[in-house]
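Structure record follows, encoded as structure tokens.
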Amino acid sequence: LARKFLQQLSKVFRYVLQSKEKGLVSLQSELNFIKNYVQLLQTRFGDSLKVNIDIKPNDLDKQIAPVTLQILIENAIKHNVVNQSNVLNISILTYDNFLFVENNIQPKKQVETSNRQGLNNLKTLYGFL
């Protein structure tokens with residue numbers, strides 16, 4: 001388990017380092033990264049976290065800011081209860097030229113480390129792009 005975790009972690013770090021200088025990456029590239037990231041999360045949360053990806057093949061070449069999906073998944077986990085009694089379901093899908101990231105809402109009573117800036121920073125980034 002430790003070896004598998006380290007392999008996934010190295011893939012995640014490699015992607016972050018390689019893509020940080022790029023303004024945009026393909027959705028396919030971002031999804032490959034997310035699959036590795038989700039495997040790390042499932043080591044932590046097990047079956048309490050479900051991530052469903054439903055991307056239309058002709059959308060895979062579209063461009064996205066690097067680590068956008070990671071930020072949104074992290075935000076969903078940070079602000080929602082995730083345990084065996086409260087499975088967090090996250091869906092990533094494309095429809096009608098839009099990319100959607102959705103999750104069921106089961107808010108935590110208190111979020112320890114939130115500065116409430118994650119989504120605002122993402123909006124600012126896309127406004128700039």
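The values are calculated or read from the model by the stated rules, or taken from the named source; none is laboratory data. Small disclaimer: the values here were computed from a predicted structure and weren't measured. Cβ placement follows ideal geometry from the backbone for every residue including glycine, while neighbour counts extend to all protein chains displayed. SASA here: full protein model, heavy atoms, side chains in, ligands and nucleic acids out. Shrake-Rupley method; radii C 1.70, N 1.55, O 1.52, S 1.80 Å.
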From the option list Leu69, Leu99, Leu60, Leu93, single residue qualifying as open to solvent by less than 30 Å² (accessible area, probe 1.4 Å) and aliphatic (A, V, I, L, M) is Leu69
Apart from one, (1) in contact with a Phe, Trp or Tyr (Cβ under 9 Å, 6 or more places away or on another chain); (2) farther than 15 Å from Leu41 by Cα all hold for Gln117; the odd one out is (1)
Among Asn83, Asn75, the single one that is touching a helix residue (DSSP H, G or I) at 6+ places or on another chain (Cβ under 6 Å), of a type in the set (S, T, N, Q), surrounded by fewer than 18 Cβ atoms within 10 Å (Cβ to Cβ) and within 24 Å of Lys123 (Cβ to Cβ) is Asn75
> Does any residue of the range 37-60 turn out to be modelled with pLDDT of 95 or more and within 23 Å of Gly127 (Cα to Cα)?
Replying inline: yes
Expected output for the range 65-84 (first residue part of a loop (DSSP other than H, G, I, E, B), partner open to solvent by less than 40 Å² (accessible area, probe 1.4 Å) and hydrophobic (A, V, I, L, M, F, W, C), Cβ below 6 Å, 6+ apart or cross-chain) is Pro66/Val25; Val82/Phe45; Val82/Leu49; Val82/Leu88
Per the filter on the range 11-41, residues among the acidic types (Asp, Glu) and free of Cβ contacts under 8 Å to residues at least 12 places away in the same chain are Glu21
Looking across the range 26-54 at residues that are open to solvent by 30 Å² or more (accessible area, probe 1.4 Å) and aliphatic (A, V, I, L, M), the single one that is farthest from Asn115 (Cα to Cα) is Ile53
How many residues of the range 15-30 are within 19 Å of Phe128 (Cβ to Cβ) and either of a type in the set (Gly, Ala, Ser) or more than 15 Å from the chain's Cα centre (by Cα) (or both)? The answer is 6
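Scan the range 47-64 residue by residue and report those that are over 19 Å from Ser19 (Cβ atoms) and assigned to a helix (DSSP H, G or I).
Answer for the range 47-64, where residues must be over 19 Å from Ser19 (Cβ atoms) and assigned to a helix (DSSP H, G or I): Asp47, Ser48, Pro57, Asn58.
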Taking the range 1-46 and keeping residues out of contact with any Leu (no Cβ under 9 Å at 6 or more places or on another chain) and not in a helix (DSSP H, G or I) leaves Leu1, Lys20, Glu21, Lys22, Val25
Notebook entry, point to check: Is it fair to say Lys50 is under 21 Å from Val12 (Cα atoms) and out of contact with any Ser or Thr (no Cβ under 6 Å at 6 or more places or on another chain)?
Noted result: yes
